[in-house]
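Notes for the one structure printed next.
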Amino acid sequence: MAKPIILTADDEPQVLNAVERDLRNHYKGDYRIIKARSGAEALDALKRLKQRNEAVALFLVDQRMPEMTGTEFLTEAVGLYPDARKVLLTAYADTQAAIDSINTIGLDHYLMKPWDPPEQHLYPVLDDLLSTWWLSAPPPYDGIRVAGTLWSPASHDVKDFLSRNRIPYLWLDIEKSSEGMALIETIPPDERKLPVVFLPDGSVLVQPDLRMLAEKVGLRTQATMPFYDLIIIGGGPAGLGAAVYGASEGLRTLMIDKEATGGQAGTSSRIENYLGFPKGLSGAELADRATTQAIRLGAELLLARDVVKVRVEESNKYITLDDGTELGCKALVIASGVKVIRLSVPGVEGLEGAGIYYGAALTEAANYRDQHVFACGGANSAGQGAMFFSRYASKVTMLVRSESLEAGMSQYLVDQIRSTPNIEVLTGTEIVAVHGVNTLEAIDIRDRATGAVTTCPAAALFVFIGAKPHTEMVAGVVERNSAGFILTGQDLIRDGKKPLGWKLQRDPFPLETSAPGIFAAGDVRQGAVRRVASAVGEGAIAVSLVHQYLRTV
Ligand SMILES: Cc1cc2nc3c(=O)[nH]c(=O)nc-3n(C[C@H](O)[C@H](O)[C@H](O)COP(=O)(O)OP(=O)(O)OC[C@H]3O[C@@H](n4cnc5c(N)ncnc54)[C@H](O)[C@@H]3O)c2cc1C
């Protein structure tokens, strides 16, 4: 692929030459630097680049250009290259204009002139923006190609795996693409199974399993050592948090995920409530940043490997991978999260995160002030959610499949709900479809007794139909509650007594399970606050508790 372009514009020759010099010094190996002496000249250059289908990664333009300001140029440029990253060079007096353009044109950053030394003020900012640009950059044609059909679940799995691991590929639907069909026809008819993955080195994988695919695309699937200080099961926010802190604090750290890093958060299109990202960021971007950070700090990451068993031998812990390989460690953090049970009715796709939310989504509740919202589910979590939303919404309608609230909910909650005037409970009902163009607009509700379907306008739907923790691998090793969530810390102390089999004088540390030296962090833990920030925080806390534990053995 031709090198992507960094385009810079400034009407002051001295400044323009200085920017060009600094850009070339750092980026000329990977990018082509193009300079323009005015906004208009830059725009002409951009139009020619677009005609030749060249990739533009970043604009670095001065706000103060007499004929066309930097903001005016960027306003035009985003129409041609919406994904290119946008940076303004500003003087102190331009700050307000720059802040305004964050909202108007999605400006990514503004830099004060002068930017010396560039190693401190220029390159870190641009490096960061360019690395995120690569995530959304069009895939090179000489990269991985996946040929299959839209309706084949195996094709979906391969695409999902590649994109969740942020590996670019070109999708060829053989029902629509003649190139895809021609590629498939190179495979002998009796071996043709979809999807087929064509790799840049010329090798071909027919309906590959994820581990095979991971190995071929360069993800690490084998551990380099048999024994570590710390092993982390799960590479979601909690696992990544633990990996970053474990590795940075000198522990030989291995993190294992059966799919990709990022966990549930990695599937989110936009995380708005994570500290430090005022414009929000996609789950893929968050996962990518955290993964790079964990690797840079020295953590080893295994992907596409399932931990199927955990055992304890004296003070050591051993995990078994899906191929029977056993790896040992001094301390283990279980950060294997949950699988949220998704609503599966027509219309859901595209509305998740846009009116349909899983769990209490507390941050969303305030957005639905004085509106009519729905909560679906009949367990305590749904009841707690409804009570919470009733503080904001004009009306909360609970949709419960069973015939009574008491069937699945604690009596105290039932009583609270009954005495809250703006909560309505519709028992014996189920959702059969949802509607909306960009955001949820209405829900079809079926009366299970009569079969009658009513369409109700709805501003939001909060779904509480359960989440299943990934804890099968620790069954019989650590205490879990009836739903499978792992008990930690004070939850293990009952009537002042330590958990069964606990031989130590001390109580379990917070986040420690009923097996000393095995910790649980994030959504997998009983009572966890299901949020990215809390999962990351628990991962970090677990590592500090690992240090305390290691001092005792
Ligand atoms: C669509 C969606 C949007 C969300 N949006 C937000 C939001 O905007 N803000 C917010 O704060 N929270 C959000 N959340 C919640 C947030 O993502 C979770 O609370 C958070 O991801 C929990 O992190 P975790 O590391 O505990 O678990 P998870 O994210 O569930 O990660 C667990 C990881 O463990 C791996 N794993 C499981 N079992 C094994 C095994 N046996 N061997 C190896 N690996 C294993 C899984 O593959 C997974 O990658 C969202 C959740 C979803 C589903």
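The values are calculated or read from the model by the stated rules, or taken from the named source; none is laboratory data. Note that the structure is predicted; figures quoted are calculated from it, not measured. Every residue, glycine among them, receives a Cβ derived from its backbone with ideal geometry; neighbour counts consider all protein chains shown. What goes into the accessible areas is simple: the full protein's heavy atoms, side chains included, and nothing from ligands, DNA or RNA. Shrake-Rupley method; radii C 1.70, N 1.55, O 1.52, S 1.80 Å.
Listed values for segment 430-441 are Karplus-derived 3J(HN,Hα) couplings in whole Hz (6.51 cos²θ - 1.76 cosθ + 1.60, θ = phi - 60°), namely 8, 7, 10, 6, 10, 9, x, 8, 9, 8, 4, 10, and x replaces Gly and Pro.
Note on LYS35: lysines with a C-alpha under 22 Å away, same-chain residues under 8 apart excluded, are LYS3, LYS47, LYS50, LYS86, LYS113. Helix 237-248 sits at what angle to the longest principal axis of the chain, using alpha carbons and giving 0 to 90 degrees rounded to 10? The two axes meet at around 70 degrees. For LEU107, the amide hydrogen comes within under 5 Å of the amide hydrogens of ILE102, counting only partners 5 or more places away or on other chains and with H modelled in the peptide plane. Straight-line reach from LYS468: taking Cα to Cα under 25 Å and skipping same-chain neighbours fewer than 8 places apart, the lysines in range are LYS159, LYS258, LYS309, LYS317, LYS339. Measuring nothing but protein heavy atoms, the accessible surface of the chain at 1.4 Å probe radius is 52 percent carbon and sulfur.
Figure note: SER482, SER268 ranked by solvent-accessible area, largest first, 1.4 Å probe, ligands and nucleic acids not counted: SER482, SER268.
Remark: the chain carries 47 Å² of accessible area per residue (probe radius 1.4 Å; ligands, DNA and RNA excluded). Using alpha carbons only, how many degrees (0 to 90, rounded to 10) separate the axis of helix 39-51 from the longest principal axis of the chain? Between helix and principal axis, roughly 70 degrees. Around the amide H of ALA393, modelled in the peptide plane, lie the amide H atoms of ASP370, all under 5 Å away and 5 or more residues distant in sequence or on another chain. What the Cα atoms of the chain give is an Rg and a Dmax of 26.9, 79 Å.
With a cut-off of 12 Å between beta carbons, the residues surrounding VAL524 carry a summed charge of +2, where Lys and Arg count +1 and Asp and Glu -1. Helix 70-80 and the long axis of the chain differ in direction by around 70°, with both axes built from C-alpha atoms. DSSP beta bridges fully contained in the chain are about 35 percent antiparallel. All Cα-Cα separations within segment 282-337 were binned at 5 Å from zero, giving a P(r) of 4, 15, 20, 23, 18, 13, 6, 1, 0, each value a whole percent of the pairs.
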